[in-house]
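Read through the structure below, which is laid out as structure tokens, and then see the notes.
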Ligand SMILES: [Zn+2]
């Protein structure tokens with residue numbers, strides 16, 4: 001029986017012990033003398049999105065060589081395997097790692113090499129989704145070109161970064177090219193922005209929605225009456241890549257009990273359970289299973305199993 005994780009950021013999931021080792025390796029001063037690296041990265045109690053995002057500057061600084069990328073990818077897949085996952089979809093904005101010695105294609109090769117090692121050791125299947133950074137149109141365009149030129153090295157395309165003010169329709173031409181190339185699309189929507197952003201994601205070819213939890217705002221919960229976008233998602237079985245802990249840490253909901261996951265499951269939506277950023281949110285698959293229980297989901301394991309059916313790997 002396969003179990004899948006569909007939404008996990010490569011630069012948000014380093015092992016804290018590895019982060020420190022790699023920092024020593026390249027003499028990266030902000031981390032070398034840190035006593036407790038997991039505390040250093042933990043943003044579960046942060047006040048602002050800026051504070052949350054600051055942690056990524058440090059992980060990305062450690063992802064600037066082929067060897068580091070390869071090791072980080074291998075370990076991410078190994079950690080997923082150790083939590084019972086058999087299909088692992090990882091995502092990354094590749095140009096974060098491009099520098100004078102590392103080309104965009106070598107970034108993809110390094111990540112896939114790490115995944116391959118884990119696949120042959122553990123039998124886990126891994127795939128990479130490329131993220132364009134939506135506040136930077138040039139970046140999204142470059143990632144689109146890289147994706148199309150390297151279709152065989154990836155499993156999908158996404159846009160990440162600040163959702164508010166950067167809705168999917170800004171990138172319609174780009175998404176059209178991705179669709180025409182036959183590449184899978186998932187889009188971060190309905191996290192930092194509302195239902196209209198989810199609708200635009202659908203309009204631009206998204207087969208799944210990253211987060212998507214604000215679809216609850218298109219539902220009259222008292223009377224179980226669905227709006228147009230919610231109806232479409234339900235009828236067409238569009239999977240939502242739900243990340244409960246991440247949503248709490250970015251202050252969307254104050255507790256698992258107030259998170260809409262259980263309501264969405266009860267209404268029959270295709271809900272998957274994901275980690276988003278394991279390092280910054282100090283979470284894991286097992287933790288998300290527990291948090292989902294607290295949120296009222298009866299059998300959270302079944303969400304991982306159902307997710308296998310939504311995976312771009314299958
Ligand atoms: Zn995400």
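The values are calculated or read from the model by the stated rules, or taken from the named source; none is laboratory data. Being a predicted model, the structure only gives us computed values, none of them experimental. Don't worry about glycine lacking a Cβ; one is built from the backbone with ideal geometry, like all the others, and counts go over all protein chains shown.
Assorted remarks:
- Only one of 244, 233, 238 that is at pLDDT 95 or above, within 16 Å of the ligand (Cβ to nearest atom) and either touching a strand residue (DSSP E or B) at 6+ places or on another chain (Cβ under 9 Å) or within 20 Å of residue 10 (Cβ to Cβ) (or both): 244
- Positions within segment 1-41 being in a loop (DSSP other than H, G, I, E, B) and either within 14 Å of the ligand (Cβ to nearest atom) or modelled with pLDDT of 95 or more (or both), in sequence order: 2, 3, 6, 7, 13, 14, 15, 27, 28
- Residues that are in contact (Cβ under 8 Å) with a residue 12 or more places away in the chain and more than 16 Å from the ligand (Cβ to nearest atom), drawn from segment 260-281: 260, 262, 263, 264, 265, 267, 268, 269, 270
- Condition met for residue 182 (at pLDDT below 95 and either within 16 Å of the ligand (Cβ to nearest atom) or farther than 27 Å from residue 62 by Cβ (or both)): no
- Qualifying helices (runs of 4 or more DSSP H) (wholly inside segment 175-283; at least 1 residues being over 16 Å from the mean Cα position of the chain (by Cα)): 195-203, 228-235, 261-267
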